[in-house]
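*Asks:* Quick one: the structure is below, questions incoming.
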Amino acid sequence: MALISGSVACTRFSVVAAPEEIDFDSVRFRALQPGSILRESSGFVPYEPEEPYLIANRMWAFRIRCDQKKVDANQLKERVRELVKVEMQEVGPPSMKKIQELRKLAEEELLERQSSSTKIIECVLDDHTLYVGTVAQSNLGLVSALLLKVGVQLEFKTPWIDAGLESQSADHIDYQDPSQSVIGCHFLNALLNDPDVFPEVERGQAKLITASGTTVTLKGTIQSDLDRFLDEGSDLINLKLLYEDTLFTLDGLSFRISGLKINPYKSDHWTGKLQSRLDRIREVWEAMDQKFLDFANKNSLGINS
């Protein structure tokens with residue numbers, strides 16, 4: 001999933017601090033060289049080769065590229081066995097320390113011949129908001145770490161953080177980062193009665209967690225099962241929704257969007273296509289933000305003025 005094509009996965013960050021000019025080239029991506037035993041390389045690249053990062057006033061578009069080499073576990077095991085056999089024939093049974101040395105040697109040999117896999121994360125930094133084309137926690141950590149190297153400090157953006165609400169938690173939910181809150185699950189439940197947002201009924205998808213901490217995933221025609229689990233006190237973690245003509249899945253805990261279907265836009269230049277798609281992404285976010293504020297006010301959650 002990306003921002004400029006296909007289905008969109010998106011996480012938002014608020015920019016806490018940033019320099020007036022951002023030097024992405026100072027942390028640009030450098031490819032792993034053939035024969036190198038380095039396992040990973042990551043850095044910034046433009047959306048298109050030789051294109052500028054700055055595409056509008058206080059708006060930067062960039063990609064983060066991460067190349068990684070992984071040693072196949074079975075290949076490693078076989079190579080260690082071969083090296084141990086040679087060691088036994090030439091010297092005698094190896095000690096545990098020697099076996100660890102042979103394992104390291106085997107890893108280095110395999111890494112020299114191993115080709116790397118590539119991961120691309122698309123991002124748009126629009127003044128005080130960063131849009132990241134992923135919801136994966138490990139990828140978000142990489143984005144934050146690299147942007148910090150160029151002087152951009154981030155914090156997760158959710159409507160409860162923006163509204164100054166106190167964090168709420170539940171003992172049966174496993175939280176991955178401090179921005180997550182069970183209040184988002186309560187909001188997702190309230191959306192089931194919203195006149196403008198509807199759960200997908202034919203190819204539905206939902207994830208819940210029961211009061212005992214068991215995760216339940218529903219797919220297909222889910223309405224009756226969804227009602228039953230909610231009546232039993234389960235919390236709704238994420239739900240596939242239809243808003244206007246747009247399908248997407250909203251994660252209640254973290255307020256992240258995935259599987260966002262956007263009608264194709266035609267443009268003579270990639271920046272025009274990106275801007276058009278980003279406009280629609282913002283519209284969906286703004287609608288959900290406003291509905292959360294309405295929910296918070298209706299339930300007297302104590303929004304800070």
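The values are calculated or read from the model by the stated rules, or taken from the named source; none is laboratory data. Everything quoted here is computed from the prediction, not taken from an experiment. Every residue, glycine as well, gets a Cβ built from its backbone with ideal geometry; the counts of neighbours run over all protein chains shown.
*Asks:* Do we have any residue at all in region 30-37 that's surrounded by 14 or more Cβ atoms within 10 Å (Cβ to Cβ), at pLDDT 95 or above and in a loop (DSSP other than H, G, I, E, B)?
*Replies:* Scanning region 30-37 turns up no residue that is surrounded by 14 or more Cβ atoms within 10 Å (Cβ to Cβ), at pLDDT 95 or above and in a loop (DSSP other than H, G, I, E, B).
*Asks:* Report yes if S224 is without any contact (Cβ under 8 Å) to a residue 12 or more places away in the chain, over 25 Å from I4 (Cα atoms) and of a type in the set (S, T, Y), otherwise no.
*Replies:* Numbers: without any contact (Cβ under 8 Å) to a residue 12 or more places away in the chain: yes; over 25 Å from I4 (Cα atoms): yes; of a type in the set (S, T, Y): yes.
Here the answer is yes, as S224 does meet what is asked.
*Asks:* Here is a further query. Return yes or no: is S267 in a loop (DSSP other than H, G, I, E, B), in contact (Cβ under 8 Å) with a residue 40 or more places away in the chain and surrounded by fewer than 18 Cβ atoms within 10 Å (Cβ to Cβ)?
*Replies:* Numbers: in a loop (DSSP other than H, G, I, E, B): yes; in contact (Cβ under 8 Å) with a residue 40 or more places away in the chain: no; surrounded by fewer than 18 Cβ atoms within 10 Å (Cβ to Cβ): yes.
No: the conditions fail for S267.
*Asks:* Among the numbered conditions (1) crowded, with 16+ Cβ neighbours inside 10 Å; (2) more than 30 Å from R282 (Cα to Cα); (3) touching a residue at least 60 places away in the same chain (Cβ under 8 Å), tell me where G133 comes up short.
*Replies:* The number of the failed condition is (2).
*Asks:* Between G184, G204, G233, which is farther than 26 Å from E286 by Cα and either of a type outside the set (S, T, Y) or in contact with a Ser or Thr (Cβ under 7 Å, 6 or more places away or on another chain) (or both)?
*Replies:* Values: G184 fails: farther than 26 Å from E286 by Cα; G204 fails: farther than 26 Å from E286 by Cα.
Exactly one residue qualifies, and that residue is G233.
*Asks:* When you scan region 236-262, how many residues do you find that are in contact with a Ser or Thr (Cβ under 7 Å, 6 or more places away or on another chain), under 15 Å from F198 (Cα atoms) and of a type in the set (S, T, Y)?
*Replies:* The qualifying residues number 1.
*Asks:* From the list R256, R277, R282, which residue is under 19 Å from the mean Cα position of the chain (by Cα) and without any contact (Cβ under 8 Å) to a residue 12 or more places away in the chain?
*Replies:* Numbers: R256 fails: without any contact (Cβ under 8 Å) to a residue 12 or more places away in the chain; R277 fails: without any contact (Cβ under 8 Å) to a residue 12 or more places away in the chain.
After ruling out the rest, the residue left standing is R282.
*Asks:* Can you pull out every residue in region 11-24 that is touching a residue at least 12 places away in the same chain (Cβ under 8 Å) and either among the small types (G, A, S) or surrounded by fewer than 12 Cβ atoms within 10 Å (Cβ to Cβ) (or both)?
*Replies:* Step one: filter region 11-24 for residues touching a residue at least 12 places away in the same chain (Cβ under 8 Å), giving 11-19, 22-24.
Matches in region 11-24: S14, V16, A17, A18, P19.
*Asks:* Scanning for something of a type in the set (G, A, S), outside any loop (DSSP other than H, G, I, E, B) and buried (at least 18 other Cβ atoms within 10 Å of the Cβ), does region 287-300 turn up at least one residue?
*Replies:* The first filter runs over region 287-300 and keeps only residues of a type in the set (G, A, S), leaving 287, 296, 300.
Next cut, outside any loop (DSSP other than H, G, I, E, B) only: 287, 296.
With buried (at least 18 other Cβ atoms within 10 Å of the Cβ) added as a condition, the list becomes 296.
Yes.
*Asks:* May I ask you to say which residue of I99, I55 is part of a strand (DSSP E or B), farther than 23 Å from V135 by Cα, outside the structural domain of G272 (by TED's automatic domain parsing) and more than 21 Å from the chain's Cα centre (by Cα)? Steps first, answer last, please.
*Replies:* Details: I99 fails: part of a strand (DSSP E or B).
Unique residue meeting the criteria: I55.
Residues are listed down the side, and each one gets a yes or a no for (1) buried (at least 18 other Cβ atoms within 10 Å of the Cβ); (2) of a type in the set (S, T, Y); (3) under 22 Å from D289 (Cβ atoms):
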residue: C185; (1), (2), (3): yes, no, yes
residue: R203; (1), (2), (3): no, no, no
residue: K219; (1), (2), (3): no, no, no
residue: E232; (1), (2), (3): no, no, no
residue: L241; (1), (2), (3): yes, no, yes
residue: S254; (1), (2), (3): yes, yes, yes
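*Asks:* If you take the residues in region 68-93 that are modelled with pLDDT of 85 or more and outside any helix (DSSP H, G or I), which one is farthest from E108 (Cα to Cα)?
*Replies:* P93
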